[in-house]
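Undergrad: I am attaching a structure below and will ask some questions about it afterwards.
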Amino acid sequence: MHISQEGLSLIKKFEGCPVENGHAVSYKCAAGVWTIGYGSTKYEGKPVFGGMCITTKEAEDLLIHEMQEYEGYINDLVKVPLHQHQFDSLVAWVFNLGPSNLQASTLLKVLNNSAYDDVPAQIKRWNKAGGKVLEGLNRRRLAESLLFEGQDWEHV
């Protein structure tokens, strides 16, 4: 499966893309990691660093390119059938949290046991950065859980 425009919209809403003078600029995310565009931590195979800038088109292209990797984690690790909205939600989640968190998560175990109704609660558990609960992550996880359920998430 591949992420849909709705899944990309969720990622874009919560990742944001800081722009100065028409260019996307690097910034530190809530976890203190240098990031550029819509949450990318690497650019042209190298880590992002302070003072980087790319065009907004490059930021858009970078997000699309990276989705192949994150779609792959869901396609490889999830062993049960998914609807598009469920897939989109999980790709957004793993893009934010990384594949090792997915592999070790109760979320994945619950999902692979076909306990679909329990997945939204598992998504919402991942609301901390640096050991602190963040309101932005609470909102993002709520949106991801609503998308997983096929509900309207855009007003979160």
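Undergrad: Report, in deg cm²/dmol and to the nearest 500, the calculated mean residue ellipticity at 222 nm for the chain, where each DSSP H run with n ≥ 4 adds -39500 (n - 2.57) and the sum is divided by the residue count.
TA: -15500 deg cm²/dmol
Undergrad: Here's a follow-up. Any idea how far apart residue 114 and residue 30 come out in nm if each label point goes 7 Å out from Cα toward Cβ?
TA: 3.5
Undergrad: Calculate, for residue 77 and residue 56, the FRET efficiency according to 1/(1 + (r/R0)^6) with r their C-beta to C-beta distance and R0 35 Å; round to the nearest 0.05. Working shown, then result.
TA: Working: r = 32 Å, r/R0 = 0.91.
About 0.65, to the nearest 0.05.
Undergrad: Collect residues whose amide H, placed 1.01 Å from N in the peptide plane, falls under 5 Å from the amide H of residue 42; neighbours closer than 5 in sequence don't count.
TA: For residue 42, the qualifying residues are 48.
Undergrad: Could I ask something else about it? Work out the charge dipole of the chain with +1 on the Cβ of Lys and Arg and -1 on the Cβ of Asp and Glu about the Cα centre, then indicate which of 75, 91, 32 is farthest towards its positive end.
TA: 32
Undergrad: Follow-up. So what is the diffusion coefficient of segment 1-79 in µm² per second by Stokes-Einstein at 20 °C and 1.002 mPa s, using a Kirkwood Rh over Cα pairs? Kindly include the intermediate steps, with their values, before the conclusion.
TA: Details: Rh = 13.1 Å.
Using the Kirkwood radius from Cα pairs, D works out to 163 µm²/s.
Undergrad: Here's something else I'd like to know. Expected output is a single nm value to one decimal: the length gained when fully extending between residue 44 and residue 155, i.e. 0.36 nm times separation in residues minus the C-alpha distance. What is it?
TA: Working it through step by step, the gained length comes to 36.6 nm.
Undergrad: Please report, to two decimal places, log10 I(q)/I(0) for the chain at q = 0.13, 0.17 Å⁻¹ as given by the Debye formula with identical point scatterers on the Cα atoms and no solvent.
TA: Debye intensities relative to I(0), on a log10 scale: -0.58, -0.99.
Undergrad: Follow-up question, since we're still on this one. Could you grab the relative contact order for segment 5-148? Cα pairs under 8 Å, six or more apart, rounded to a whole percent.
TA: Here the relative contact order equals 21 percent.
Undergrad: Shifting gears a bit: So between residue 138 and residue 23, what do we pick up on full extension, going 0.36 nm a residue minus the alpha carbon distance?
TA: 38.5 nm
Only the coordinates and a few stated rules stand behind these numbers; no lab work does. Worth saying up front: this structure is predicted, and the values here are computed from it rather than measured. So basically every Cβ, Gly included, is an ideal-geometry build from the backbone, and we count neighbours across all protein chains shown.
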